[in-house]
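Written out below as structure tokens is the structure these notes cover.
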Amino acid sequence: MADATPIRDPQTDWLLTPHNAVLALIDYQPEQYAGVSSADPDELLAHVTMLGRIATAFELPVVLTTVYVKHGMTGTNPELREALPGVPELDRTTMNSWEDPEFRAAVERTGRKKLILAGLWSEVCVAFPAVDARREGYEVYVVVDAIGGVSKVAHESAMQRMVQAGAIPITVLGLACELQRDWGRPEATRLRSIMREYFGKLRALKGMSGEQSAPKAV
């Protein structure tokens, strides 16, 4: 068996590759995290940080946007900023980033029609651009475990809306493996390192959760 499979044309591949996709990260700001009730906040942060590190490792073009920072809101959380060195923030006032000319132009400049979306909150900052981008002919992929809504109902309703519009749900891990595709390729070492840290963080969080829920000795 060959050490690695041949690489299909990375631009015309029907699956996601580092050469045919663009990642948009929307409103990962402390105020937005504080409003999320559909996911555990620590696990959500671990998934979001992993997503940023994957984008950097695979050199995906990233459009990073915030809302209302110029008028007092906090910018992107430091963990994600650290994972995305050199990526500028585009600040907006629009709830729907697709209606912001600067955001939309940044996506269009990449020339890529596979748009990976993640952000806070699911029902507003992710759903609105997902539906709009689908209407404009983009293949939209929503990173389900890196987004969250103000309630489980809000998040689940947003997911249903996006799927009905043609968006495709994926996970952080699924995205990472789709971009890598073969452990025999030389660059696989970078993903192994990221995944070891990621799984270690998730195990630690589950351990902490178990300790908190365990009955106390009398």
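Just give me the residues in region 53-80 being farther than 17 Å from E102 by Cα and either in a strand (DSSP E or B) or hydroxyl-bearing (S, T, Y) (or both), in sequence order.
T56, T74, T76
Quick check: is even one residue across region 34-52 outside any helix (DSSP H, G or I), more than 18 Å from L173 (Cα to Cα) and without any contact (Cβ under 8 Å) to a residue 12 or more places away in the chain?
No, region 34-52 contains no residue that is outside any helix (DSSP H, G or I), more than 18 Å from L173 (Cα to Cα) and without any contact (Cβ under 8 Å) to a residue 12 or more places away in the chain.
Only one of these conditions is not met by R190: (1) modelled with pLDDT of 95 or more; (2) out of contact with any Cys (no Cβ under 8 Å at 6 or more places or on another chain). Which number is it?
All conditions are met except number (1).
If you check every pair at least six apart or on different chains, which have Cβ atoms under 9 Å apart with a residue in region 185-200 that is more than 16 Å from T17 (Cβ to Cβ) first and a residue that is of a type in the set (S, T, Y) and surrounded by 14 or more Cβ atoms within 10 Å (Cβ to Cβ) second?
Final answer for the pair search is Y198/T49.
Can you tell me how many residues in region 78-98 are closer than 21 Å to A130 by Cβ, surrounded by fewer than 20 Cβ atoms within 10 Å (Cβ to Cβ), touching a helix residue (DSSP H, G or I) at 6+ places or on another chain (Cβ under 7 Å) and not hydrophobic (A, V, I, L, M, F, W, C)?
Number of matching residues: 2.
Take V48 and tell me if it is hydrophobic (A, V, I, L, M, F, W, C) and either at pLDDT below 95 or farther than 30 Å from R185 by Cα (or both).
no
Here's a check for you: in region 8-31, which residue that is in a loop (DSSP other than H, G, I, E, B) and in contact (Cβ under 8 Å) with a residue 40 or more places away in the chain is surrounded by the fewest Cβ atoms within 10 Å (Cβ to Cβ)?
The qualifying residue surrounded by the fewest Cβ atoms within 10 Å (Cβ to Cβ) is L15.
The values are calculated or read from the model by the stated rules, or taken from the named source; none is laboratory data. Worth saying up front: this structure is predicted, and the values here are computed from it rather than measured. Because the Cβ atoms are built from the backbone with ideal geometry, glycine has one as well, and the counts that use them run over all protein chains shown.
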